[in-house]
1. So which residues in segment 64-99 are modelled with pLDDT under 90, of a type outside the set (D, E, K, R) and under 29 Å from the mean Cα position of the chain (by Cα), if there are any at all?
2. Go through segment 719-767 and give me each residue that's assigned to a strand (DSSP E or B) and out of contact with any Leu (no Cβ under 8 Å at 6 or more places or on another chain).
3. For segment 480-597, which strands (runs of 3 or more DSSP E) that fit wholly inside it have 3 or more residues that are open to solvent by 40 Å² or more (accessible area, probe 1.4 Å) and modelled with pLDDT of 75 or more?
4. Hey, can you tell me all the residues within segment 420-468 that are modelled with pLDDT of 85 or more, over 28 Å from the mean Cα position of the chain (by Cα) and open to solvent by 50 Å² or more (accessible area, probe 1.4 Å)?
5. What strands (runs of 3 or more DSSP E) lie completely within segment 74-146 and have 3 or more residues being more than 27 Å from Thr243 (Cα to Cα) and touching a strand residue (DSSP E or B) at 6+ places or on another chain (Cβ under 7 Å)?
6. Quick one: how many residues across segment 158-171 are surrounded by fewer than 14 Cβ atoms within 10 Å (Cβ to Cβ) and of a type in the set (Val, Ile, Thr)?
7. Give Thr322, Thr288 a once-over and let me know the one that is exposed (fewer than 14 other Cβ atoms within 10 Å of the Cβ) and either more than 20 Å from Met194 (Cα to Cα) or among the charged types (D, E, K, R) (or both).
8. Being among the β-branched types (Val, Ile, Thr) and closer than 21 Å to Glu176 by Cα is the filter; apply it to segment 105-152 and report the residue that is surrounded by the most Cβ atoms within 10 Å (Cβ to Cβ).
Amino acid sequence: MLRSHQVTFSRFNLFAVLLLPFVLSSCAITFVKKYPKNTPFVYQTNIAVVGQKNRNTKQDLEVRLQNQLDDSLKVRSRSYPLWQTITKPPKFDTVALKKSEGYMMALLNSLGYFSATIWDTFYVRKVKDQQRVFVDFKVTPGKGLIFDSVGYAFEQPEWQQLVVESRKESLMRKNEPYSKYVVGKELDRIIELMRNNGYYKMGMEDIYAEADTVAFGLIDPTLDPFEQAVLLQELQKKQDKPTIKMVIKQRPLKDSTHAKKYYINTVTIYPDVPFRPDSTVTAVFDTTRIGKYTIISQSDKFKKHFLLHYSALRPGEMYKQTNYYRTVSIYNQLGAWQQANVDIFENADIDSALDVRISLYPAKKYSLLLDLETTVNNALGNNPAFVATSNLLGFGVNTGVRNKNFAKQSIQSTTNARFGIELGQDFIQSFQVSGAQNFYFPRLIMPGLKRYDSVRTILTLNGAYTDRKDYFQLASVNLAWGYEISSKNHIWTWRPFNIEQTNLVETDSLKKDMETNSLLRYAFNDGLVVGFIGGQGVYRWQKVVGNSIHSVRASAEESGTIFGMFPRIDTKGKLFRYIKGDLQYTYTHQFKRGALAFRAMGGVGYAYGDSSAGVKEKTLPFFKQYFAGGPNSMRAWQVRQLGLGSNKTATTTSLDRLGDIQMESNVEYRFQLASIAGIRLGSAFYVDAGNIWVHDTYGDTSLKNADFKLNRLLEDLAIGTGTGLRFDFSYFLIRLDYAFKVKDPNRLEDPDKWFYNWKLFNGQLQLGINYPF
């Protein structure tokens, strides 16, 4: 009974830890600076929308109405976790109340609320020599107009056909709320529709929106006030369900060329226009004609034919506005140019013909890269973690050269060299040197496909050598061919061909650990990773909704699925066969005084091949396995020192802990503290929960409870909490975190007890770069 009571109390304490940031932020003290003494000044202005049932609509209205306030009613403050400051508050003037009401009413009318009422009240509270004025606006918007019907009336038959065929894309829909913004966007949509069908000159002067007489009279600001009152009375008769009829019409054509379809005649490209021409040197131009393309260059920086591939405006094709923007976007994204301008001219000699001029301003061809990476993990009594080729922790220097115009075809070439060390109890416990050569081709290189916008083909060659003192030496080489495809909110990275060769040299210490942990004998092997059909794939999605950012990252990889069928490739059983998938979701919401960040992630891998000894592989190769702990994971644990599950054996050994399954969730409340010499100082409260597991212990009693079981998930879950400091230098952020173990399933004593042996110096210090997620 005592243990049950203790766990319940601990959960309550954890709940209190989660609420602590919000409690502190809600109890902030306000300091007023540089205020007019003994004079009423605006201390707080509140707007409350009443009578609106939809909560999201109510909140959106309140935010938008706040933006309509007169400047003399706006209070500008800076927020901190425990206080906020108001500097130079404006003097209070009742004239500002009526001004603000007028601005707010104009907004409400534009959103279709024509029967809105606004009440204002204010009162003064004296605090010493301060006369603080609190202003409250009570806004009752009433029922807003909704679209009753939407129609189109164009005299040009071709225009009428286009808008009718695209009705499903209309932004004005029956029974949906009316607003001037929606009507304006619908007019923009129709103009874009016409321009994407060759009507280059069509514009806003050719169309307009007409509403039914009652609502239109209220919208029209030039209408006589008496007539508006009569129309308002008629509109009030429809209070239960006020509606509006809208028709998009064509104005009489003042210029007949607006009804003509235009086609691209010629395209002229200037690939090397200098930003600052040298007036002391006479420019010599070279002109090359390829069909109806003309290339006029001043140097030999670019090959001619490749320039044509990236213009979406092509001779002989109908003009489309989207192709204009695509052309500008593609050339600006290639990297070889720092700016691209596209100008279009009407041909004076050919009817309905357009000539295109593309002016490209080259960027600097070479740039140097230099990065310093610093990550420290330090915990008394724990042995430092080992270093794999792709996860060196400690101090690292990365330097390289980027060529933005390799082979004169805007191919991005990066050559990198990296050196890093990891510090431990024996000072330098490991070091790594690596080199990488990457080529980014700005087009899709794939048999049978010639064009695809926003795509890059990537060729990568990496080599690395890692020496983990008294543990192992590892050499690896990686060659990969893949693609990166981008769209508005999505990025796909796919490596259909990926080959990695690793050679491992074991030490006596590693061999001894292998005897203690049977799974290490399967994980620590050198071999070959070859992925083909599946290879490696990463999908990233991000969407911004108001003050919130949602992002998803999913990745998958395989090795040996196809190439495992060929014995000549799988020499001596060295080919790793496995599949692996990861999924991560992150959410960040910005508050006035801070931000709430959340991450949930999980991954699982499965090995199904045969080792060199002819024994079935039971784990992923160690450099593909999951680990927890460190500055970007479970921060109350040192890197690779959490897990497996609720197994206790690893606690008494020097083993690093690796698994084939990982689940983790993190929540973090971030807030600003101060700004010192231009450096923003922030902090955070956070809670981490998660662990790693293996699929099966294969009868090894020393690995009891190291395998994943759903009915044991809560028992296996590790939880940590802490706080820290963030030093924001704008271009990078240094993060210092200090965390405590709330629940440690690997502890020998009372593993179910929460907040065990909490003392000031029993925490884990973490130093990292940028936010953990």
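The values are calculated or read from the model by the stated rules, or taken from the named source; none is laboratory data. A quick note: this is a predicted structure, and the numbers were derived from the prediction, not measured. Heads up, the Cβs are rebuilt from the backbone with ideal geometry, glycines too, and the neighbour counts pull from every protein chain shown. Side chains included, ligands, DNA and RNA excluded: accessible areas come from the protein's heavy atoms. Shrake-Rupley method; radii C 1.70, N 1.55, O 1.52, S 1.80 Å.
1. Ser77, Ser79, Tyr80, Pro81
2. Applying the first criterion (assigned to a strand (DSSP E or B)) to segment 719-767 yields 719-728, 733-743, 764-767.
Within segment 719-767, Gly720, Gly722, Thr723, Leu733, Ala739, Phe740, Lys741, Gln764 qualify.
3. Numbers: elements: 490-506, 527-531, 536-545, 548-559, 578-590.
Strands (runs of 3 or more DSSP E) meeting the threshold: 490-506, 536-545, 548-559, 578-590.
4. Listed by number, the residues that qualify are Val433, Tyr465.
5. On the way: elements: 77-79, 83-87, 117-127, 130-140.
Qualifying strands (runs of 3 or more DSSP E): 83-87, 117-127, 130-140.
6. 1
7. On the way: Thr322 fails: either more than 20 Å from Met194 (Cα to Cα) or among the charged types (D, E, K, R) (or both).
Just one listed residue meets the conditions, Thr288.
8. Let us first name the residues in segment 105-152 that are among the β-branched types (Val, Ile, Thr), namely 117-118, 121, 124, 127, 133, 135, 139-140, 146, 150.
Next, only the ones that are closer than 21 Å to Glu176 by Cα stay: 140, 146, 150.
Numbers: Thr140: 16, Ile146: 16, Val150: 20.
Looking at residues that are among the β-branched types (Val, Ile, Thr) and closer than 21 Å to Glu176 by Cα, I get Val150.
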